[in-house]
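Here's the structure, in structure tokens; my notes come after.
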Amino acid sequence: MSVTPPASFVVQRNAQSASLQDLTPLAFAGYAHFTAMQIRDGRVRGLDLHLARLRTASIDMFGQALPDTQILAALRAAIQAGPAEMSLVATVYSPAGEFTVAGPDLQPELLVRTSPPSAGPSGPLALAAIAHERMLPSVKHVGEVAKTYLLRQAVADGFDDAAFVDQQGRLSEASIWNLAFWDGEAVVWPDAAMLTGTTMGIVRRQLDRMGVLQRVQAITPEDVPALLGAVVMNSWTPGVPVNRIGASTLPAAPRFLALLHAAYQAETPVSP
């Protein structure tokens, strides 16, 4: 009787298998950025958005970026080394490490890790509204102790996760999620400093193509009771329903959720 071997997942540095010696200096490194994606049948949605994220963040953090061709080759190597379905995280870092300024001739390096696929929680979720603003909010960077700390605090207070409120009193994003709201006719995106997620980018451009109304608006916790639905989204899923933010409850919004998932599915997955 044949036995199917277990799925193989990898850690690669610059498109080559990473050794313990490669990884040891990175074990506690906190100056890096990354993008996360779900691979299905060897393909990914929003590849252009992932490449743009890595490019922009590298220039912001390191003053230079790896060529897209190098990134794509590393993604292909990791995908070809594993099963058809997986989660993939691509992290860009400086070999100079933390607490130092690398010279312009020291190029960033790329670490790619794959793991089992994920679809996220089913929800609905209750989010604690917590005052917090991320450092470099437009960058998906590592070492964010506040996110896990505030998540733990939210769960200890009886919530599932945390939504962040900025110094102007506006909801911005959740711990590892973007927020989106529904007013019954339009998708409402928060107006605040935040990370623009790749799934958020996919959904927004596909909703445009579908002719669905969208707008960007400052939303405070006090505005939540007037809204007719809310979700969180990230690379796992285009929408997990939210039924409470702080003290305010939100109704189920199946049409809203269906629109978001339809928009995501409308994006054609591509191979790196």
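The values are calculated or read from the model by the stated rules, or taken from the named source; none is laboratory data. Here the structure is a predicted model, which means the values were calculated and not measured. Neighbour counts are summed over all protein chains in view; Cβ atoms, including those assigned to glycine, are modelled from backbone coordinates with ideal geometry. With ligands, DNA and RNA removed, areas are computed over all heavy atoms of the protein, side chains included. Shrake-Rupley method; radii C 1.70, N 1.55, O 1.52, S 1.80 Å.
Of V112, V44, V89, which residue is under 30 Å from D166 (Cβ atoms) and of a type outside the set (S, T, N, Q)?
The conditions single out V89.
Identify, please: which residue in the range 1-47 is basic (K, R), modelled with pLDDT of 85 or more and outside any loop (DSSP other than H, G, I, E, B) and is, among those, nearest to A96 (Cα to Cα)?
R43
Right, P137: over 21 Å from Q64 (Cβ atoms) and open to solvent by 40 Å² or more (accessible area, probe 1.4 Å) or not?
No: the conditions fail for P137.
Only one residue in P124, P104 is farther than 25 Å from S17 by Cβ, more than 20 Å from the chain's Cα centre (by Cα) and either open to solvent by 30 Å² or more (accessible area, probe 1.4 Å) or free of Cβ contacts under 8 Å to residues at least 40 places away in the same chain (or both), so which one is that?
P104
Checking A119 against (1) small (G, A, S); (2) modelled with pLDDT under 95; (3) part of a strand (DSSP E or B), which single condition isn't satisfied?
(3)
Hey, could you check the range 213-246 for residues that are assigned to a loop (DSSP other than H, G, I, E, B) and in contact (Cβ under 8 Å) with a residue 60 or more places away in the chain and say which is most open to solvent (accessible area, probe 1.4 Å)?
W236
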